[in-house]
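J.: Take a look at this one; I'll ask things after.
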Amino acid sequence: MQYFYILEFLYRKERMTSKDEISELKDEILELKTLLKQKEKRLKELINSSENCPYSTQLSCQEISRYSRHMLIPQIGMKGQIAMKQSSVLIIGLGGLGCPAALYLAAAGIGTITFVDYDEVEITNFNRQILHAEDNINVSKVESACDMLQANSNTLQNLFDKNKYDVVLDGSDNVATRYLLNDMCVLNQVPLVSGSALQMEGQLTVYNFEDGPCYRCLFPIPPPPDTVTNCGDGGVLGAVTGVIGALQALETIKILTKADNVMSGRLLIFDASSTTFLNVKLRKKQETCDVCGLKPKITQLIDYEQFCGSKAHDKVIDINILTEVENICVKELATLEKESVIIDVRPKIEYEICKLPNTINIPYTYFKDNKNSEDITKTLLSFRSKTSRVFFICRRGNDSQRTEASMLILSLLILHFPFTEKKTPEIEQDRDCL
Amino acid sequence: MAKLPITLQFNGGAELLFDNKKLHNVELISEHREWTIGKLLIWIKENLLKERPELFLQDESVRPGILVLVNDVDWELMDTVNYKIQPSDRIVFISTLHGG
């Protein structure tokens, strides 16, 4: 017995020491980084101030070398490079699309790039959001991107009141923001380079450019909210957002350098599973359009969350359709586990990532389909000899509640389970681990 | 009865309503009538759609957020539901993506 205590004491001591050392190291690294940043900034200032080119009034010697491989392209040349230097681009969303687009635009020598993102860096971002460093978790994405691009960050307010943008790049992740940006760009007469991606597919087009359509010309009515899948639920491949983000940077450069054949009035559909691009012709600007048509109904920004019936972010909103007594926390569930049947209602793909022992996977979609009710009844009846308790569990505690609610509607099942105490556990701590 | 072979394609997540299959080579039977996309939508609902038609159709057209392309051209330029389908046409139904 005593031996055990000693072991545990040593273990705890060890853990404390390493914990102290971790926080000490973190502080020290932070201090060194701040110092490094200051020195780098000063060095950049010194280099930039001492290199005026005697042969060019608009580009420095360093700029001419740095952008030479662009300036050698006939379609860009000196003229295009100067146009890029004098331009201002607004990037909305520093996610999978915004990160590669920002990298290429910064590298191309765009004069001013403004970033907008309300979110902070999370571990789930790193598969595709290549601007964010791992030690920037919980740091604002704007700050994290400025860090990586060695840019100065200033806080901006009233974006369009005091600033003139040549191009807006949409790398947002929700329908409401897409309509907002469209209207904002139409009202301010700025082209909008729009990209989107999900799983193994991506789409690209330019709205509000010359006689091409705007987003509302194509989609006057927003999609029903339950038809929209976000990256947090569907997943998205980093290389796919990389392709689309890089193409958005390309279209931006083409607009700024006044190149031909901008992706306006056309839609590029990228299917990564077959590595095919479909380039299709779209309608022109619509005379009946609510914002860019002949008689626009929208002459100032509206409430876009209300218009779309969905929030201006891609986070999943927790639902609450069961009463408190019908819910149970996962820790409490652990104490009851042996005498209960636990049905995990997540999709098979999520169940395969991680699961609790002694659980059965029956996806929510199976419950949802009325034609399976007989099968479900049979399955549940087969547990009857083992238990009087059935629990539903899922990733966020939403689908498990929905499943339970649908079971309550099937009164047949309730009759077969007179003693069933249905409860819905939530995996609180694992909420974002998938 | 004459046959009208066409290719149907579903992208952007719309394929999930069709057994997760993107490409469908189908033969419509013409019976002296002309096939329009409007008629095709009803045919798709009755013959191909596996689940939840409201996620694909609305008021005798496609639901908002789905773009229809006829041989790589927006159906708005082809008279939408009234377009007369020709042999070997490729008709693509694409659900717009919003993630980023």
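The values are calculated or read from the model by the stated rules, or taken from the named source; none is laboratory data. Because the structure is a prediction, the values reported are computed rather than measured. So basically every Cβ, Gly included, is an ideal-geometry build from the backbone, and we count neighbours across all protein chains shown. These accessible areas exclude ligands, DNA and RNA; they are computed on the full protein's heavy atoms, side chains included. Shrake-Rupley method; radii C 1.70, N 1.55, O 1.52, S 1.80 Å.
J.: Which whole-Hz couplings ³J(HN,Hα) result when phi for each residue of region B:48-55 is put into the Karplus expression 6.51 cos²θ - 1.76 cosθ + 1.60, θ = phi - 60°, listed in order with x for Gly and Pro?
T.: Taking θ as phi minus 60°, the curve returns 10, 5, 8, 8, 6, x, 5, 7 Hz for region B:48-55.
J.: Among the aspartates and glutamates, select those whose C-alpha is under 16 Å from the C-alpha of B:LYS3, and discard any that sit fewer than 8 residues away in the same chain.
T.: Counting by Cα, and skipping residues close in sequence, B:LYS3 has these aspartates and glutamates nearby: B:GLU27, B:GLU31, B:GLU34, B:ASP89.
J.: Over both sides of the A-B contact, add up the buried accessible area with a 1.4 Å probe and give it to the nearest 100 Å².
T.: On the way: alone 26170 and 6250 Å², together 29830 Å².
Summed over both sides, the interface buries about 2600 Å².
J.: Ok, one more. Can you tell me which lysines have their Cα less than 19 Å from the Cα of A:LYS371? Leave out same-chain residues fewer than eight positions away.
T.: B:LYS45, B:LYS50
J.: Please work out how much accessible surface B:LEU41 shows to a 1.4 Å probe, ignoring ligands, DNA and RNA, in Å² rounded to 10.
T.: Here the accessible area works out near 0 Å².
J.: Then there is this: If the only charges are +1 at each Lys and Arg Cβ and -1 at each Asp and Glu Cβ, what is the size of the charge dipole of region A:26-69 around the Cα centre, to the nearest 20 debye?
T.: Working: 9 positive and 7 negative charges, 23 e Å.
The calculation lands at about 120 debye.
J.: Can you show me the helix-derived [θ] at 222 nm for chain B, built from DSSP H runs with n ≥ 4 at -39,500 (n - 2.57) apiece and divided by the number of residues, rounded to the nearest 500. Mind showing how you got there, number by number?
T.: Numbers: 1 runs with 11 residues, N = 100.
Per the formula, -3500 deg cm²/dmol.
J.: While we're looking at this one, here's another question. Starting from the Cα of A:LYS26, draw a straight line to each of the aspartates and glutamates and keep only those under 17 Å, dropping any in the same chain fewer than 8 residues away.
T.: Partners within reach: A:GLU134, A:ASP135.
J.: Sort B:MET78, A:MET200, A:MET184, A:MET84 by accessible area with a 1.4 Å probe, largest first. Could the numbers behind the result be given before it?
T.: Values: B:MET78 55, A:MET200 80, A:MET184 25, A:MET84 0 Å².
These residues rank, largest area first, as A:MET200, B:MET78, A:MET184, A:MET84.
J.: Same structure again: Of all beta bridges DSSP finds with both residues in region A:164-291, what is the antiparallel percent, to the nearest 5? Can you show the working numbers first?
T.: On the way: 17 of 22 bridges.
Once the DSSP bridges in region A:164-291 are tallied, antiparallel ones form about 75 percent.
J.: From the C-alpha coordinates alone, can you work out the Kirkwood hydrodynamic radius of region A:83-211, in Å?
T.: Working: mean 1/r = 0.0664 Å⁻¹.
Across region A:83-211, the inverse of the average 1/r is 15.1 Å.
J.: Here's a follow-up. With +1 assigned to the C-beta of every Lys and Arg and -1 to the C-beta of every Asp and Glu, and no other charges, what is the dipole magnitude of the protein assembly as shown about the Cα centre in debye, to the nearest 20?
T.: Values: 60 positive and 72 negative charges, 171 e Å.
Computed about the Cα centre, the dipole is about 820 debye.
J.: Another question, if that's okay. Can you give the translational diffusion coefficient of the protein assembly as shown in µm²/s, computed by Stokes-Einstein from the Kirkwood radius over Cα pairs at 10 °C and 1.306 mPa s?
T.: The Stokes-Einstein estimate is 59 µm²/s.
J.: Could you work out the pair-distance distribution P(r) of region A:203-269 from its alpha-carbon pairs, with 10 angstrom bin width and percents rounded to whole numbers?
T.: 17, 40, 34, 9, 0
J.: Given Cα positions, please report Rg to Rh for region A:189-301, the hydrodynamic radius being the Kirkwood one.
T.: Details: Rg = 15.1 Å, Rh = 15.2 Å.
Here Rg/Rh amounts to 0.99.
J.: Can I ask one more? So for the protein assembly as shown, taking the charge dipole from beta-carbon charges (+1 Lys/Arg, -1 Asp/Glu), which of A:MET84, A:CYS214, B:VAL62 sits furthest toward the positive end?
T.: Towards the positive end, the residue furthest out is A:MET84.
J.: Carbon and sulfur: what percent of the protein assembly as shown's accessible surface (1.4 Å probe)?
T.: 54
J.: How far apart, in nm, are the 7 Å Cα→Cβ label points at A:VAL139 and A:SER373?
T.: About 5.5 nm separates the two model spin labels.
J.: Still on this structure, I have one more. Have a look at the DSSP beta bridges in chain A and tell me what percent are antiparallel, nearest 5.
T.: On the way: 18 of 44 bridges.
Percentage antiparallel, nearest 5: 40.
J.: Where in region A:75-117 does the amide nitrogen come within less than 20 Å of the point 7 Å from the Cα of A:ILE64, taken along Cα to Cβ?
T.: Flagged as within label range: A:75-86, A:108-111.
J.: On average, how many beta carbons from a partner chain sit within 10 Å of the beta carbon of a residue in B:87-98? All intermediate terms of the calculation are to be shown ahead of the outcome.
T.: Numbers: counts 0, 0, 0, 1, 0, 3, 0, 6, 7, 15, 17, 20.
Mean shielding count: 6.
J.: Let me know the Rg and Dmax you get for region B:2-95 when you use only its Cα atoms, in Å.
T.: Here Rg and the maximum Cα pair distance are 12.2, 35 Å.
J.: Additional query: If you stretched the chain out fully between A:LEU25 and A:ILE321, how much longer would it get, using 0.36 nm times the residue separation minus the C-alpha to C-alpha distance?
T.: Fully extending the segment from A:LEU25 to A:ILE321 adds 102.0 nm.
J.: Magnitude of the Cβ-charge dipole of region B:2-95, K/R +1 and D/E -1, about the Cα centre, nearest 20 debye? If you can, show how the numbers build up before the last one.
T.: Values: 11 positive and 15 negative charges, 51 e Å.
Computed about the Cα centre, the dipole is about 240 debye.
J.: Mind pulling the angle between the C-alpha long axis of helix A:373-382 and the longest principal axis of chain A? Nearest 10 degrees, somewhere in 0 to 90.
T.: The two axes meet at around 50 degrees.
J.: In Å², and per residue, what accessible area does the protein assembly as shown have when probed at 1.4 Å with the other protein chains present?
T.: Working: 29830 Å² over 534 residues.
About 56 Å² of surface per residue is accessible.
J.: Kindly provide the chymotrypsin sites (Phe, Trp or Tyr not before Pro) of region A:12-112 that DSSP labels as loop, not H, G, I, E or B, and whose Cβ sees at most 11 other Cβ atoms within 10 Å. Walk me through the intermediate numbers first.
T.: Values: sites: A:TYR55, A:TYR67, A:TYR104; in loops: A:TYR55, A:TYR67.
Qualifying residues, ordered by number: A:TYR55.
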